[in-house]
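A short worksheet on the structure shown next.
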Amino acid sequence: MTIVNFTPWAGLIGGLLIGASASLLLWLNGRIAGISGIVAGATVEPGGDRAWRWLFLAGLLGGAALAFWLVPGSLAFQSDMPWPVFLVAGLIVGFGTRLGSGCTSGHGVCGLARLSPRSLASVATFMATGILTVFVIRHLLGVGA
Amino acid sequence: MKKNIAALIAGLLFGLGLAISQMTNPAKVLNFLDITGTWDPTLAFVMGGAVLVTLISFRFILKQDRPLFEGQFHLPTRSDIDSRLLGGAALFGIGWGLAGYCPGPGVAALAMGLWEPALFVVGLLVGMWGFRRLPA
């Protein structure tokens, strides 16, 4: 194992901002900042209040655009994967996060803070299969990195 | 109105955080998951920083009777660990490890104007729609 491109300060600052975002949404609106749930609620889920979800997503894009513009080095995209992989990955993530009721934000950032046993189980599981998938692709199949 | 503005500001902070920490770059995420190869521990600091804040703030927030702009908290109530939860998480991890995007960074990376995040989000929506079509 070799450690590469480690940026702990940018990571920590980004993490604190994400934590602040999730705190704000719970404190003001009583909502969990789970991105997969917000995306589904804004699009495919029937009923419910869509306006705040679309505004949250607009903010998500706007905030990222602002950082790409203002913070040197943040606008970086590196991938060895051909474009169809992104489509397939999106399909699996979309289906999986609905089946499993959440992703890195809802189960990770918010669920762990609530000490939810479901979220802890979810995070342990998706970390494990994520690590395993990268191991298979990079070290068994020899694709990328 | 107030709760919509709150959601917009929360989204802005979330997007800023994801982009500043470069979680919008698939290589950063895949290198985090590549613990036997070219490991990049940054994601642990992102997650750690976020959970550090929420772990403390949620204690205080959830002591309130209700949120500031809504009548009640909207919280998940289940506590059982079933096969849907684990199967869904397992699938999600596979997709995450394939492209290096989870939903938040995938959506935030749309701001780059590249094809890959756009295709990821199209897949994300189709996958979510497909799940809705399944009989419960």
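Details
- Subset of region A:113-145 that is outside any helix (DSSP H, G or I) and of a type in the set (Gly, Ala, Ser) - its residue that is surrounded by the fewest Cβ atoms within 10 Å (Cβ to Cβ): A:Gly142
- Within region A:4-44, tally of residues that are at pLDDT 95 or above, in contact with an Asp or Glu (Cβ under 7 Å, 6 or more places away or on another chain) and in a loop (DSSP other than H, G, I, E, B): 1
- Qualifying positions in region B:82-105 - without any contact (Cβ under 8 Å) to a residue 40 or more places away in the chain and either surrounded by fewer than 18 Cβ atoms within 10 Å (Cβ to Cβ) or more than 7 Å from chain A (Cβ to nearest Cβ) (or both): B:Asp82, B:Ser83, B:Arg84, B:Gly87
- Hits in region B:56-81 - residues which are in a helix (DSSP H, G or I) and either facing chain A (nearest Cβ under 7 Å) or within 20 Å of the chain's Cα centre (by Cα) (or both): B:Ile56, B:Ser57, B:Phe58, B:Ile61
- Identity of the residue in region A:1-60, of a type in the set (Phe, Trp, Tyr) and facing chain B (nearest Cβ under 7 Å), that ends up surrounded by the most Cβ atoms within 10 Å (Cβ to Cβ): A:Phe56
- Of all residues making up region B:9-55, the number that are within 25 Å of A:Arg53 (Cα to Cα) and either more than 7 Å from chain A (Cβ to nearest Cβ) or part of a loop (DSSP other than H, G, I, E, B) (or both): 5
- Taking residues in region A:85-108 that are within 7 Å of chain B (Cβ to nearest Cβ) and surrounded by 24 or more Cβ atoms within 10 Å (Cβ to Cβ), and partners anywhere that are assigned to a helix (DSSP H, G or I) and at pLDDT below 95, the pairs with Cβ atoms closer than 8 Å and at least 6 places apart or on different chains are A:Arg98/B:Arg132.
The values are calculated or read from the model by the stated rules, or taken from the named source; none is laboratory data. This one's a predicted model, so the numbers in the text were calculated from it and none came from an experiment. Ideal geometry is used to build each Cβ from the backbone, glycine not excepted, and the neighbour counts take in all protein chains shown.
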